[in-house]
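Remarks on the structure that follows.
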Amino acid sequence: MKAITKRIQKFSRPGVILLATVVAIITSVVVANATQSITAPNAAFISYNLAPGANSAAITPAANKSVLVMGCSTANDPGVGQVSLLRYPSTLIQWVGLESYYSQEPITQGRSGIAGTHIVYIDYAHWVDIRMASADTILIHNNPVSASTLAGNVTLIW
């Protein structure tokens with residue numbers, strides 16, 4: 001113990017300050033490299049109010065990126081549905097997700113470039129769905145059988 005005390009006493013005051021400065025710099029460098037950069041995601045929010053048989057305007061998901069598409073119906077038969085999709089430009093869209101439960105399997109999956117192809121139901125009665133509008137776009141559709149104007153919203157996050 002006396003040897004350690006003598007060594008500490010041998011350090012000059014400027015030496016101790018220099019050592020403390022070096023330790024502070026090394027600590028700062030380590031902390032700076034340990035921080036994580038988080039970027040806010042891009043999002044699009046689309047409200048709809050569709051008469052029976054009507055379609056929304058075409059929606060173009062981001063290309064070559066995973067896009068989360070969440071939709072809900074807020075009128076008459078409320079429900080929710082979601083898919084993760086990937087758009088291959090000018091070719092097709094591929095998806096997997098969960099549709100609003102009614103009496104069928106709640107899992108939806110597929111890939112298509114053909115207009116009219118069903119992607120996901122977003123209301124309980126399976127009247128409102130998101131479907132293909134083209135190889136690059138999707139749309140919201142209210143089935144003519146519904147006989148009601150239905151409203152809700154769809155959010156895309158990428």
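Mind listing whichever residues of region 36-72 are hydroxyl-bearing (Ser, Thr, Tyr) and either in a loop (DSSP other than H, G, I, E, B) or without any contact (Cβ under 8 Å) to a residue 40 or more places away in the chain (or both)? Correct list: Ser37, Thr39, Ser56, Thr60.
Applying the set (1) part of a strand (DSSP E or B); (2) charged (D, E, K, R); (3) over 23 Å from Pro41 (Cα atoms) to Arg87 leaves exactly one unmet item: (3).
For the residues Asp136, Asp129, the requirement of being buried (at least 21 other Cβ atoms within 10 Å of the Cβ), of a type in the set (Asp, Glu), at pLDDT 95 or above and under 22 Å from the mean Cα position of the chain (by Cα) singles out Asp129.
Let's see how each residue does on (1) within 25 Å of Pro41 (Cα to Cα); (2) among the charged types (D, E, K, R); (3) at pLDDT below 95; (4) touching an Asp or Glu at 6+ places or on another chain (Cβ under 7 Å):
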{"residue": "Leu68", "(1), (2), (3), (4)": "yes, no, no, no"}
{"residue": "Cys72", "(1), (2), (3), (4)": "yes, no, no, no"}
{"residue": "Val96", "(1), (2), (3), (4)": "yes, no, no, no"}
{"residue": "Pro106", "(1), (2), (3), (4)": "no, no, yes, yes"}
{"residue": "His118", "(1), (2), (3), (4)": "no, no, no, yes"}
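Might you check whether a residue that is at pLDDT 75 or above, assigned by TED's automatic domain parsing to the domain that holds Arg111 and of a type in the set (S, T, N, Q) occurs anywhere in region 18-30? No, the conditions are met nowhere in region 18-30. Asp129 fulfils the conditions (1) out of contact with any Lys or Arg (no Cβ under 7 Å at 6 or more places or on another chain); (2) part of a strand (DSSP E or B); (3) more than 22 Å from Ala51 (Cβ to Cβ); (4) not aromatic (Phe, Trp, Tyr) except for a single criterion, (3). From the list Val83, Val16, the one residue that fits, being surrounded by 10 or more Cβ atoms within 10 Å (Cβ to Cβ) and more than 19 Å from Val120 (Cα to Cα), is Val16.
The values are calculated or read from the model by the stated rules, or taken from the named source; none is laboratory data. Here the structure is a predicted model, which means the values were calculated and not measured. Backbone-built Cβ (ideal geometry, glycine too); neighbour counts: all protein chains shown.
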